Amino acid sequence: MKTQPYRITLIPGDGIGPEIIRVAVQVVEATGVPVQWEEVEAGEAALGRYGDPLPERVIDAIRRTGVALKGPLTTPVGTGYRSVNVRIRKLLDLYANVRPVVKFEGVKTPFDRVDMVIIRENTEDLYSGLEHVVVPGVVESLKVITEKASLRIARFAFDLARKWGRKKVTAVHKANIMKLSDGLFLEAIRKVEVDYPDVEYEELIVDNAAMQMVIRPERFDVVLTENLYGDILSDLAAGLVGGLGFAPSANIGDDAAVFEAVHGSAPDIAGKNIANPIAMVLSAALMLDHLGEMEAARRIRDAVAAVLKEGKVRTPDMGGTATTTEMGEAIVAHLQNARAA
Ligand code: NAI
Ligand code: MG
């Protein structure tokens with residue numbers, strides 16, 4: 001067992017962030033994996049204190065530890081500062097966004113079998129933030145796709161498919177309309193795909209993919225796509241397994257990785273201790289996988305699965321009345337019982 005603690009940057013975040021991060025920290029500690037948390041402020045709190053929602057010290061801290069567990073950060077709509085989440089991903093070149101979508105027994109959904117991983121290119125596409133007014137009333141927003149980033153994310157997706165024992169990669173695109181940009185993305189994947197004869201490969205146009213996902217979600221295994229389609233499809237897929245409360249994610253680069261829930265700061269329920277902490281907890285499990293603590297990560301998933309299967313502790317998004325704290329306690333109790341057994 002490791003004795004030197006892992007140093008991990010902790011960003012509590014905005015809205016429900018601090019409430020769910022607290023639970024995730026307790027759950028990680030209950031696994032017995034030694035961690036030294038290094039907490040830094042970003043988002044609204046940092047804006048008030050340092051005049052910048054993303055002070056340099058936050059990026060420095062993540063560069064130093066190489067790993068961060070992060071709560072959601074609010075982005076003002078339309079006006080105001082640029083998304084801090086997008087800035088973090090770009091500054092650290094966290095090019096791969098990995099979003100496992102798994103249906104747990106005990107969660108009410110119309111589908112029995114959903115087990116897919118959405119891999120979203122995280123640095124380009126329409127998220128470049130390159131917009132300008134051409135003349136009043138006319139705006140251009142630039143979609144940037146490069147061969148380099150497309151090859152890199154394709155390689156990542158097929159490597160992950162192999163490592164996680166997945167059978168198939170589905171590339172999702174709109175190359176019939178965006179022949180140059182999505183065409184380049186698809187060409188890059190085809191170049192990489194041939195190196196992985198052990199992994200099945202198919203292509204789907206994004207609108208069809210969206211329809212298939214709500215009719216036959218079980219047909220998807222690894223979904224590889226661009227930034228915008230990945231953003232939308234991963235919220236859609238989260239809806240198939242009980243909502244955003246169950247959707248974890250990892251943002252992975254060559255030098256750093258940031259783990260966070262797919263959902264945002266949920267201002268409508270912030271401060272009420274009713275947010276579902278499971279997405280954040282499952283993100284922490286992905287973090288442990290990344291650190292090589294696969295066994296501890298598995299124990300967390302088992303504990304979450306056990307609590308959900310039992311069905312006694314359910315937060316309001318699951319139709320229950322349990323608090324965030326109670327959900328956290330139930331997961332920790334399962335972990336401790338499993339350790340004692
Ligand atoms: P949201 O994901 O915060 O909330 C959407 C809906 O889902 C709300 O009704 C919310 O109450 C519910 N919800 C979300 N997480 C939940 C949880 N853990 N338990 C129970 N219910 C939950 O999306 P919204 O409202 O569009 O965005 C709010 C803010 O979050 C915005 O400023 C947005 O920019 C930011 N955001 C940040 C992200 C990040 O930090 N990576 C990702 C997405 C949004
Ligand atoms: Mg999103």
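Is it true that some residue in the stretch 233-243 is within 11 Å of ligand 1 (Cβ to nearest atom), more than 15 Å from the chain's Cα centre (by Cα) and assigned to a loop (DSSP other than H, G, I, E, B)? Yes, the stretch 233-243 contains at least one residue that is within 11 Å of ligand 1 (Cβ to nearest atom), more than 15 Å from the chain's Cα centre (by Cα) and assigned to a loop (DSSP other than H, G, I, E, B).
A residue that is within 16 Å of ligand 2 (Cβ to nearest atom), assigned by TED's automatic domain parsing to the domain that holds A157 and among the aliphatic types (A, V, I, L, M) occurs somewhere in the stretch 219-226.
Take the residues of the stretch 59-113 that are aliphatic (A, V, I, L, M) and free of Cβ contacts under 8 Å to residues at least 40 places away in the same chain: which is nearest to G245 (Cα to Cα)? Among those residues, the one meeting the criterion is V77. Within the stretch 196-220, restricting attention to residues that are acidic (D, E) and assigned to a helix (DSSP H, G or I), the residue that is nearest to N176 (Cα to Cα) is D207. I need the full set of residues from the stretch 52-85 which are within 16 Å of ligand 2 (Cβ to nearest atom) and within 14 Å of G13 (Cα to Cα), in order please. Those that are within 16 Å of ligand 2 (Cβ to nearest atom) and within 14 Å of G13 (Cα to Cα): K70, G71, P72, L73, T74, T75, S83, V84, N85. The set of residues in the stretch 128-151 being closer than 26 Å to K191 by Cβ and either open to solvent by less than 20 Å² (accessible area, probe 1.4 Å) or in contact with a strand residue (DSSP E or B) (Cβ under 9 Å, 6 or more places away or on another chain) (or both) consists of S128, L142, K143, V144, I145, A149, S150.
Restricting attention to the stretch 207-243, which residues are hydrophobic (A, V, I, L, M, F, W, C) and either crowded, with 19+ Cβ neighbours inside 10 Å or in contact (Cβ under 8 Å) with a residue 60 or more places away in the chain (or both)?
Once the filter is applied, which keeps residues that are hydrophobic (A, V, I, L, M, F, W, C) and either crowded, with 19+ Cβ neighbours inside 10 Å or in contact (Cβ under 8 Å) with a residue 60 or more places away in the chain (or both), the stretch 207-243 yields A209, M213, F220, V222, V223, L224, L228, L233, A237, A238, L240, V241.
Strands (runs of 3 or more DSSP E) fully within the stretch 73-177 that include at least 3 residues being within 29 Å of I16 (Cβ to Cβ) and outside the structural domain of V262 (by TED's automatic domain parsing): 96-102, 115-121. What number goes with the only condition from (1) acidic (D, E); (2) under 27 Å from V304 (Cβ atoms); (3) within 12 Å of ligand 1 (Cβ to nearest atom); (4) surrounded by fewer than 24 Cβ atoms within 10 Å (Cβ to Cβ) that D14 does not pass? Against the list (1) acidic (D, E); (2) under 27 Å from V304 (Cβ atoms); (3) within 12 Å of ligand 1 (Cβ to nearest atom); (4) surrounded by fewer than 24 Cβ atoms within 10 Å (Cβ to Cβ), D14 comes up short only on (4).
Checking M294 against (1) within 16 Å of ligand 1 (Cβ to nearest atom); (2) without any contact (Cβ under 8 Å) to a residue 40 or more places away in the chain: exactly one of these is not met. Which one? All conditions pass for M294, except number (1).
Residues considered: A284, A266. Of these, the only one that is touching a residue at least 60 places away in the same chain (Cβ under 8 Å), open to solvent by 10 Å² or more (accessible area, probe 1.4 Å) and not assigned by TED's automatic domain parsing to the domain that holds A149 is A266. Screening F259 with (1) within 16 Å of ligand 2 (Cβ to nearest atom); (2) at pLDDT 95 or above; (3) not assigned by TED's automatic domain parsing to the domain that holds N337 gives one miss only, at (3).
The values are calculated or read from the model by the stated rules, or taken from the named source; none is laboratory data. Owing to the predicted nature of the structure, the values given are computational and were not obtained by experimental measurement. FYI the Cβ positions are ideal-geometry reconstructions off the backbone, even for glycines, and counts take in every protein chain you see. SASA here: full protein model, heavy atoms, side chains in, ligands and nucleic acids out. Shrake-Rupley method; radii C 1.70, N 1.55, O 1.52, S 1.80 Å.
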